[in-house]
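Undergrad: First the structure, which I've put down as structure tokens, then a few questions once you've had a look.
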Amino acid sequence: MQIIWRDSADPAGYEDARVGRVFNHRRPKRYPLAVVKATCVEDIIAAVKLAKEKNCRVAVRSGGHSWAAWSVRDESILIDLGNFKQWTVDAENRVAKVTPSVTGRELNGMLVDEYRLMFPGGHCPDVGLGGFLLQGGMGWNCRGWGWACERVKAIDVVTADGEALHCNQEQNQDLYWAARGSGPGFPAVVTKYHLDLIQYPKDGLRSSGYFYPLSKYHEAFNWIVNLTPGFDQDTEIVAVGLYPRDSDEIHLFILFVTLKHTANEAQAALAPAHDSRPEGTIKEWFCKEDSLADQYVSQKKANPEAHRYCVDNAYLQNDADVPKVLEEAFTKLPHRKAFALWYAMDPCSRRELPDMALSVHSDHYFALYTVWEDERDDERCQGWVKDVMKRVHPHAVGAYLGDSDFQVRQTQYWSQSSGERLRDIRKKWDPTGRICGYLDQGDVSGIRGLDNVHA
Ligand SMILES: Cc1cc2nc3c(=O)[nH]c(=O)nc-3n(C[C@H](O)[C@H](O)[C@H](O)COP(=O)(O)OP(=O)(O)OC[C@H]3O[C@@H](n4cnc5c(N)ncnc54)[C@H](O)[C@@H]3O)c2cc1C
């Protein structure tokens, strides 16, 4: 087991272990006591026991894609799972057993090529399953196929006490319940996910895309919001405010990605949108051949590496006037790499959720992804996000943990009863607050957790 101690490692080696795998280049000034590069469950157990011995906290990193770098915590032992990548597939029963640092692209690359199966992991290729699934996982076609964590059948964990356990609906149910929506407050280390898989569409993915000028913003946005309820349930629908590569003007881009099995089915699914679209597109395509691999390439371009990011999000009230509430966010981006996103959640948002920690969502998911390169833009870009969110907040019912930074803003993340149950489970399994938990301002929330109030 490789341990890199802050006080004895060479500074460059320590710095690389501290933040080298953190996606957001707006690096935190937080300094773990040591980084353990785990390659097996025994390493994780040893690292937790080491933290106990040193009387310090444990932080965990799977894919390193937490926007707020939740894995980087002062005086902690950071267990980095980046070198612990394993999977096995039972294709007949459509089940995969996967370690948490495996990314969506790694898993699907193997599943699609070898078995024509897939798992709805994060849209960005390199997001780790670890953090993604703990938060719920807004994966491919979340509106139709539900939350990715609904496909978690079981987990293996190492507890805050250093014990290896299996958790599912029958044993250690409370940890299994918490693992589907607690996010970074999960009171143990997940070492393996047991996942239900889906068949990959026989003819691949298909997409339709429509770019509108801002003069068409309200008309096109209202069209897509009104079209979504009742639209084909194997189709993901998103509206994005962005600067296209070849333009200096912000556009409204509406994208449908359908995961029907045949090209004919895809065409039938996408036709109602094409036939009813408002006139005036600047560029458009209909039912174009696509694939997960190509989608990952686009996502990676939209979320480039080695950049600085500030992100926030909200679930808007179901009856909100979405285009109006989001007008400022979509039409006044502070940087040409920034974008604003509306992600349709209906009908997932209208179904009863399984009994799990994740318990708040709505028809309209909104997120701001502010992307820039130069440190001198930090204050301006972060200030803009904060400012816009102040005006969106009154129209929201809560937020998704995955795109949140509790140091900047807090709201409601779970129903009241689920929030209370989660607090009890955390106290039961981690009474001393060994696992770092939610990173609020000053990193003081400990086992108390978040207030979970939409003020
Ligand atoms: C470019 C980009 C695109 C994204 N796209 C999506 C998307 O499409 N859908 C979506 O839902 N989210 C998305 N996200 C958000 C993403 O899911 C979260 O940031 C998530 O936390 C990333 O997981 P990770 O394992 O890569 O991160 P990490 O930073 O490694 O983990 C985040 C935190 O989760 C906890 N954690 C992670 N692994 C474990 C474990 N094994 N045991 C216990 N606790 C653990 C720890 O508290 C850890 O600090 C995106 C993020 C980025 C940067």
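Undergrad: Can you pull out the GluC sites (Glu not before Pro) in the stretch 203-311 that DSSP calls coil and that have at most 14 other Cβ atoms within 10 Å?
TA: Those satisfying the criteria are Glu249, Glu279, Glu305.
Undergrad: Could you state the accessible area per residue of the chain in Å², with a 1.4 Å probe and every protein chain left in place?
TA: Per-residue value: 40 Å².
Undergrad: Now for a different question. Rg/Rh for the stretch 170-255: what does it come to with C-alpha atoms and Rh from Kirkwood?
TA: So for the stretch 170-255, dividing Rg by the Kirkwood Rh gives 1.16.
Undergrad: Let me ask something else. Of the beta bridges DSSP finds with both residues in the chain, what % are antiparallel, to the nearest 5?
TA: 85 percent
Undergrad: Projecting each Cα onto the charge dipole of the chain (Lys/Arg +1, Asp/Glu -1 at the beta carbon, about the Cα centre), which of Ala148, Tyr343, Ile45 comes out farthest on the positive side?
TA: Result: Ile45, furthest along the dipole toward the positive end.
Undergrad: What's the angle, to the nearest 10 degrees (0 to 90), between helix 378-392's Cα axis and the longest principal axis of the chain?
TA: 70 degrees
Undergrad: For the pair Cys40/Ser417, report the inter-label distance in nm, with labels modelled 7 Å from Cα in the Cβ direction.
TA: In this crude spin-label approximation the distance works out to 4.5 nm.
Undergrad: Rounded to the nearest 10 Å², what accessible area does Lys428 show when all protein chains are kept and the probe is 1.4 Å?
TA: Using a 1.4 Å probe on the heavy atoms, I get roughly 130 Å².
Undergrad: Using r as the Cβ-Cβ distance of Glu75 and Asp161, and R0 as 25 Å, what FRET efficiency do you calculate, to the nearest 0.05?
TA: Efficiency at R0 = 25 Å is approximately 0.80.
Undergrad: So, one more: If a paramagnetic tag sat 7 Å from the Cα of Lys428 along the Cα-Cβ line, which residues of the stretch 154-178 would have the backbone N under 12 Å from that point?
TA: Backbone N within reach: 171-178.
Undergrad: In degrees from 0 to 90, rounded to the nearest 10, what is the angle of the helix 41-54 Cα long axis to the longest principal axis of the chain?
TA: Between helix and principal axis, roughly 60 degrees.
Undergrad: Taking K and R as +1 and D and E as -1, what net charge do the other residues with C-beta under 12 Å from the C-beta of Pro120 add up to?
TA: Around Pro120, the surrounding residues sum to -2.
Undergrad: What is the dipole size for the stretch 103-182, taken about its Cα centre, with +1 at each Lys and Arg Cβ and -1 at each Asp and Glu Cβ, in debye to the nearest 20?
TA: Approximately 420 debye in magnitude.
Undergrad: Taking the Cα centre of the chain as the origin and placing charges on Cβ (Lys, Arg +1; Asp, Glu -1), which of Ala293, Thr191, Val444 is farthest toward the positive end of the dipole?
TA: Val444
Undergrad: May I pose another question? Below 9 angstrom from the Cβ of Asp156, what's the summed charge of the other residues (Lys, Arg +1; Asp, Glu -1)?
TA: Value of the local net charge: +2.
Undergrad: How big is the C-alpha Rg of the stretch 140-213 next to the rule-of-thumb value 2.2 N^0.38 Å, as a ratio?
TA: Normalised by 2.2 N^0.38 Å, the Cα Rg of the stretch 140-213 equals 1.51.
Undergrad: Give me Rg over Rh for the stretch 1-69, both radii from the alpha carbons and Rh done the Kirkwood way, two decimal places.
TA: Reported Rg/Rh (Cα atoms, Kirkwood Rh): 0.95.
Undergrad: Which listed residue (Tyr210, Cys124, Thr235) has the Cα farthest towards the positive end of the charge dipole for the stretch 111-246, taking +1 on Lys and Arg C-beta and -1 on Asp and Glu C-beta about the Cα centre?
TA: About the Cα centre, the residue reaching furthest to the positive side is Tyr210.
Undergrad: Give the share of C-alpha pairs in each 5 angstrom bin for the stretch 59-119, from 0 to the last occupied bin, in whole percents, shortest bins first.
TA: All Cα pairs, binned at 5 Å, distribute as 4, 17, 24, 18, 13, 11, 8, 4, 1, 0 percent.
Undergrad: Hey, got the dipole for the chain? About the Cα centre, +1 on K and R Cβ, -1 on D and E Cβ, debye to the nearest 20?
TA: 720 debye
Undergrad: Taking every alpha carbon pair in the stretch 87-200, what does the distance histogram look like in 5 angstrom bins from 0, in percent?
TA: 2, 13, 24, 26, 19, 10, 4, 1
Undergrad: Given the Cα-Cα distance of Met110 and His218 and 0.36 nm per residue of separation, how much length would full extension add, in nm?
TA: Gain on extension, Met110 to His218, equals 34.7 nm.
Undergrad: At each listed q (0.11, 0.21 Å⁻¹), what is the log10 of I(q)/I(0) that the Debye formula gives for the stretch 1-157 modelled as equal alpha-carbon point scatterers?
TA: The Cα Debye sum returns log10 ratios of -0.46, -1.32.
Undergrad: In deg cm²/dmol and to the nearest 500, what is the mean residue ellipticity at 222 nm of the chain if only DSSP H runs of at least 4 residues count, each as -39500 (n - 2.57), divided by the residue total?
TA: So the calculated ellipticity at 222 nm is -8000 deg cm²/dmol.
Undergrad: Estimate the FRET efficiency between Asp319 and Trp5 by the formula 1/(1 + (r/R0)^6), using the beta-carbon distance for r and 41 Å for R0, to the nearest 0.05.
TA: 0.15
Undergrad: Under the √(5λ) rule applied to the eigenvalues of the Cα gyration tensor, what semi-axes describe the equivalent ellipsoid of the chain? Give them in Å, descending.
TA: Ellipsoid half-lengths, sorted descending, are 35, 25, 21 Å.
Undergrad: Would you mind checking the tilt of helix 416-429 against the longest principal axis of the Cα atoms of the chain, expressed as 0 to 90 degrees and rounded to 10?
TA: Taking Cα atoms only, the helix is inclined about 30 degrees.
Undergrad: Simple spin-label model, 7 Å along Cα-to-Cβ: Asp246 to Val453 in nm?
TA: So the two model labels end up 5.3 nm from each other.
Undergrad: Let me ask something additional. Go ahead and run the numbers for FRET between Arg376 and Val444, Cβ-Cβ distance against an R0 of 41 Å, rounding to 0.05.
TA: 0.85
Undergrad: Please give the Cα centre distance for the stretch 147-175 versus the stretch 241-262, rounded to the nearest Å.
TA: Cα centroid of the stretch 147-175 versus Cα centroid of the stretch 241-262: 38 Å apart.
Undergrad: Using alpha-carbon pairs under 8 Å, 6+ residues apart, how would you state the relative contact order of the chain in percent?
TA: It comes to 15 percent, rounded to a whole number.
Undergrad: Step through the residues of the stretch 446-455 one at a time and calculate ³J(HN,Hα) from phi using the Karplus curve (6.51 cos²θ - 1.76 cosθ + 1.60, θ = phi - 60°), rounding each to whole Hz and writing x for Gly and Pro.
TA: Per-residue couplings from phi come out as x, 6, 4, x, 8, 5, 6, 10, 8, 6 Hz.
Undergrad: Right, something else. How much length would be gained if the chain were fully extended between Glu352 and Ser291, taking 0.36 nm per residue of separation minus their Cα-Cα distance, in nm to one decimal?
TA: Length gained between Glu352 and Ser291: 18.9 nm.
Undergrad: Take the stretch 205-403, drop everything but the C-alpha atoms, weight them equally and run the Debye formula without solvent; then report log10 I(q)/I(0) at 0.11, 0.18, 0.19 Å⁻¹ to two decimals.
TA: -0.51, -1.39, -1.51
Undergrad: Just add up the charged neighbours of Val397: K/R +1, D/E -1, any other residue whose Cβ is under 12 Å from the Cβ of Val397.
TA: In short, -2.
The values are calculated or read from the model by the stated rules, or taken from the named source; none is laboratory data. Quick caveat: nothing in here was measured; it's all calculated off a predicted structure. Cβ sites come from the backbone with ideal geometry, for glycine too, and all protein chains shown count toward neighbours. The protein model used for the area step is the full one, side chains on, heavy atoms only, and it has no ligands, DNA or RNA in it. Shrake-Rupley method; radii C 1.70, N 1.55, O 1.52, S 1.80 Å.
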